[in-house]
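Asker: Have a look at this one before I ask anything.
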Amino acid sequence: MDKPERSVSLPAPVHYELLLQLLEQQTMAVTYQNPQFRQPVHELIVTVRKAFSQQRQLEALCKQASLAVEYKWSINQPIDELPSS
């Protein structure tokens, strides 16, 4: 019997979307007038966008290698209870 293939666990895309919406719509709105805060918030937004882009690149590599990707909503959910993609 073949051994079941393990999948690559990645954050669900909604996690990035939530962070970006929060930072762009709420955090930036409050800190925009103060350069001391505006620049670090802007850098954080850029970093989250870059991480999301890098995850999409990793997903493409996994697809090319026929390796399954499993999106995680939480690290507290046991692996055997998660739906497979």
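Each reported figure results from applying straightforward, stated rules to the coordinates on display, with no laboratory input. Everything numeric in this text was worked out from a predicted model, so none of it was measured. Neighbour counts are summed over all protein chains in view; Cβ atoms, including those assigned to glycine, are modelled from backbone coordinates with ideal geometry.
Asker: Give the long-range amide H neighbours of Val69: residues separated by 5 or more places, or on another chain, with amide H under 5 Å away, using H modelled in the peptide plane at 1.01 Å from N.
Answerer: Hits under the 5 Å cutoff: Val8.
Asker: With a cap of 12 neighbouring Cβ atoms within 10 Å, and only residues DSSP puts in a loop, list the GluC sites (Glu not before Pro) found in the stretch 1-43.
Answerer: Those that pass, being in a loop and sparsely packed, are Glu5.
Asker: Which part of the stretch 34-55 falls in the paramagnetic zone of Lys72, meaning amide N under 17 Å from the point 7 Å along Cα-to-beta-carbon?
Answerer: Those under the cut-off are 52, 55.
Asker: What's the Kirkwood radius of the stretch 8-71 in Å, using all Cα pairs?
Answerer: 13.0
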